[in-house]
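Some notes on the structure that comes next.
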Amino acid sequence: MGESRTSNSIKNVLASIIYQLLNFVLSFISRSIFIQVLGVGYLGINGLFNDVLSMLNLAELGFGTAMTYSMYKPLAEKDYETLAGLTQFYKKVYRIIAVSIAVIGIMLVPFLHNIVNLEQDIPNLEIYYLLFLASNVASYLVTYKTTVMYADQKNYIFIKYTAYWSVAQTLVLTLVLFFTHSYMLYLCCQVVFVYASNFQKSHVAQKRYPFIGKKVKLPKEKTKGIFKDVGSAFLYKIANVLITATDNTLISVIVSTEMVGFYSNYQIITARLGTIVSTVFSSLITSLGNLLVNENEERRFQVFQIMQSLSLILSTFFVSCIFLLQEDFIRVWLGEDFVLGILPLIAIVFNFYFSISIMPITAFREAAGLFRKTKFIMLWTAFFNLVLSVIFGRQIGLAGILFATSISKLLTSFWYEPVLLFKEYFERPCKLYFMQMLKGVGITAITIMISGTVSHWIVPSNWIELILKGLVVSVASLIITILSYHRTPGFKLLANRVKSIIQGLKKSKD
């Protein structure tokens, strides 16, 4: 547990990126066969049920956030007695949560037909939903053990096992679907893999941290402090779920469940890229928790500058590539009938850029426990999101629902959270932050225009031509992005950090 913050962060980031790239390839293969065998209606059901179960996770009450946060200090102090007490306390809590989610989930069965909007009914809808529910409940049976590894920055250990299970699961599910054409058998196998994977993670955590199995009762004053954090985290979680986990449900009700399936094909790119980028920042959260406790405001601000430069560079590069290649990818992969059009694409790109560019703020908020002070602004964000989604969704369909997410954030948390963070942890005004964000939008627009002009002569009709266009767009976007940011303070700090890491790796080999 004495490894450096930098070392652990690098391991977490590299392991996560490799896993996500592997997962993308597997998901692409699996999705292709899924659409070919079952069609876009079943794909829409997949996305819809995932949304519904995300909303059911409100029963978790924010304990996950509070649990990780409560473990930072005892891990730093090697207070294994307190860690054992925390683990035993959360064990009881999560058993109650698992039962609660199962009960609430079963109570929703009679209302499924109110949110599923298909031209042709799908048989056994209730059974499919219950199988999704069983997979969801599985994770809560072992979370109390695995959280200590995430808090201790050792989640890269889990990623190896997750990758093994993902490869096996994708292969087995794809073969089952291809040979049997049975969605029910497909979901049954999925449940088995989810349970097996989660219980192996539990075993690994128990073996690495044997003290978590020790029967220690947490003092009442400690549990009171946790419940206080949970109260704030719960409101924050409600808001976050209403913002992020309602799009598919609204699309299903207002537009159609099939449209959820069409939209999910676009997400196979944006979701994976978003996960890779968020992994970089989420892997730093526990390091930031340590940083905020042990370093002064100048050092904190330096780290924030590095993270902001990184987020703007990644958002500019990835958004340019997505905007210029996404429709070509869908067209070559699935055909013209699956292309959504320019307005939904702009909405998807806008949401993607917004989500990546604010990740430094999100990471610092989680590490600093600022969910206690941002809970009400997030509720306002959720309120605006629901209202605007319904209004815009009825007017312009899918694009309106997607635009509503970013607009609601721009009206609320986008300006409030940076002001709070800069005031409390950097002790300086956040004017610089907003100027950087505005500059980032301009650079991204210019990058898209130039890269689009350079690559417009390539109109892909097959995978070779798509790869060629992808290389042209990627190289052009990367050059413009680096030229635009190479003089920023954050980029210079980031470059120096990368050089020192490379030199350290060379020395270790020698």
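Structure notes:
- Straightening the chain between Tyr80 and Asp121 buys 9.3 nm, computed as 0.36 nm per residue apart minus the Cα-Cα spacing.
- Calculated FRET efficiency for the pair Gln36/Trp415, C-beta based, R₀ 51 Å, to 0.05: 0.65
- For the range 367-445: rounded, prolate or oblate by the Cα gyration tensor [a/c cutoff 1.5]: oblate
- Here each label is just a point 7 Å from Cα along the line to Cβ, and for Leu432 and Lys217 those points are 5.2 nm apart.
- Violating pairs (Cα-Cα greater than 32 angstrom) within the set Lys215/Lys409; Lys214/Lys499; Lys91/Lys409; Lys92/Lys423; Lys160/Lys431; Lys160/Lys499: Lys215/Lys409; Lys214/Lys499; Lys91/Lys409; Lys92/Lys423; Lys160/Lys431
- Rolling a 1.4 Å probe over the protein chains gives Leu21 an accessible area of about 100 Å².
- Amide N of the range 326-363 lying under 15 Å from the label point, which is placed 7 angstrom from the Cα of Trp463 along Cα→Cβ: 329-335
- Added length on full extension, which subtracts the Cα-Cα distance from 0.36 nm per residue, Met55 to Ile104: 16.6 nm
- Stokes-Einstein D for the range 293-452, Kirkwood Rh over Cα pairs, 25 °C, 0.890 mPa s (µm²/s): 142 µm²/s
- Spacing of the two label points (7 Å from each Cα toward its C-beta) at Lys92 and Ile391, in nm: 4.7 nm
- Judged by the ratio a/c of the largest to the smallest principal axis of the C-alpha gyration tensor, the range 72-212 counts as oblate, that ratio being 1.5 or greater while a/b is no larger than b/c.
- Rounded, prolate or oblate (a/c below 1.5 giving rounded, otherwise prolate when a/b exceeds b/c) for the range 95-166 by Cα gyration tensor: prolate
- Accessible-area value, His456, 1.4 Å probe, nucleic acids and ligands omitted, Å²: 130 Å²
- In Å², nearest 10: area of Met184 left accessible to a 1.4 Å probe: 60 Å²
The values are calculated or read from the model by the stated rules, or taken from the named source; none is laboratory data. These figures come from a predicted structure and were not determined experimentally. Positions of Cβ are backbone-derived with ideal geometry, glycine not excepted, and every protein chain shown enters the neighbour counts. Surface accessibility is based on the protein's heavy atoms, side chains included, excluding ligands, DNA and RNA. Shrake-Rupley method; radii C 1.70, N 1.55, O 1.52, S 1.80 Å.
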